[in-house]
Amino acid sequence: MALHGRIAGISGIVAGVLTPVKGDWTWRIAFMAGLFFAPLIVWLVTADKPQVEFAHPLWMTIIGGLAVGFGARLGGGCTSGHGVCGMARFSKRSIAATVTFMGVAFVTVFVLHQILEF
Amino acid sequence: MRILSTFLVGLIFGLGLVISQMTNPAKILAFLDIGGNWDPSLLIVMGAALATTMIGYRFILRRPKPVLETAFHIPTKTVIDRPLLIGSAIFGLGWGMAGLCPGPGIAVAAVGGITPLIFILAMVLGMWGQRFVKV
């Protein structure tokens, strides 16, 4: 924000890469490259590979990924855009979005883990 | 300059995600699992990020313009509408299933094996498919 005057919403940044607009593309790639290299730097510095554990079945990752991409675009943001940047601006839309996705996520995990026992 | 600075911002953001373990799906799902072995530690991460951003934005938005560009790009919509709520609900469903959201999804691409790559592919497909759907 201080440097570029923008919200750091990851889903919006990624979506902008998929529909390239001239002059609005390279910074998005640069931002994603930064994200990509971050764990490698942590690995290099601490000599510990960052833990990435998938305890749940692959189909849940696939369906989940589809829903995350679809929902973030339809809802106009994700955890970073609505959850952090939007809430920090006291945006009513972002507060509504964050309450909704947190609530549904809690219920989803409860149903999958506690009731269906995945 | 613009490319270097956005790269660094992405890198710092990613470092935050990795160090706070927001890039570990098992950790995210443990945070969301209030009925099981609930791990509330990510609340601290989210709270700290929120507090920092809140204070930061107060000072930054008083400036006439950002350091490297000519104007701020602040979202202008204010109406809580159907797409916002339905989209967010679908997002929450996906987050609860996969244990990853867009930022961490990209941040684990290099260290998480094949599964994060499948997640990113599915996510991009979902983003693309959303263009054809109206609610």
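Restricting attention to the range A:78-85, does a residue exist that is under 13 Å from the mean Cα position of the chain (by Cα), part of a loop (DSSP other than H, G, I, E, B) and either within 27 Å of B:Ile74 (Cα to Cα) or touching a residue at least 24 places away in the same chain (Cβ under 8 Å) (or both)?
For the range A:78-85, residues under 13 Å from the mean Cα position of the chain (by Cα), part of a loop (DSSP other than H, G, I, E, B) and either within 27 Å of B:Ile74 (Cα to Cα) or touching a residue at least 24 places away in the same chain (Cβ under 8 Å) (or both): present.
Among the residues of the range B:71-82, what is the count of those that are facing another protein chain (nearest Cβ under 9 Å), among the charged types (D, E, K, R) and outside any loop (DSSP other than H, G, I, E, B)?
Number of matching residues: 0.
From the list A:Val104, A:Val99, which residue is in a helix (DSSP H, G or I), among the aliphatic types (A, V, I, L, M), more than 7 Å from every other protein chain (Cβ to nearest Cβ) and on the phi < 0 side of the Ramachandran plot?
After applying the criteria, what remains is A:Val99.
Take B:Leu68 and decide whether it is at pLDDT 95 or above and at the interface with chain A (Cβ under 7 Å from one of its Cβ atoms).
No.
Quick check on my filter: what residues within the range A:2-49 are within 7 Å of chain B (Cβ to nearest Cβ), outside any helix (DSSP H, G or I), among the small types (Gly, Ala, Ser) and in contact with a Cys (Cβ under 8 Å, 6 or more places away or on another chain)?
Of everything in the range A:2-49, just one residue is within 7 Å of chain B (Cβ to nearest Cβ), outside any helix (DSSP H, G or I), among the small types (Gly, Ala, Ser) and in contact with a Cys (Cβ under 8 Å, 6 or more places away or on another chain), namely A:Ala8.
Conditions: (1) surrounded by fewer than 18 Cβ atoms within 10 Å (Cβ to Cβ); (2) over 16 Å from the mean Cα position of the chain (by Cα); (3) modelled with pLDDT under 95. A:Phe54 meets all but one. Number of the miss?
Going through (1) surrounded by fewer than 18 Cβ atoms within 10 Å (Cβ to Cβ); (2) over 16 Å from the mean Cα position of the chain (by Cα); (3) modelled with pLDDT under 95 one by one, A:Phe54 breaks only (1).
Could you tell me which of the residues B:Ile90, B:Ile28, B:Ile44, B:Ile3 is at the interface with another protein chain (Cβ under 8 Å from one of its Cβ atoms) and farther than 24 Å from A:Gly23 by Cβ?
B:Ile90
The values are calculated or read from the model by the stated rules, or taken from the named source; none is laboratory data. The structure displayed is predicted, hence computed values, not measured ones. Positions of Cβ are backbone-derived with ideal geometry, glycine not excepted, and every protein chain shown enters the neighbour counts.
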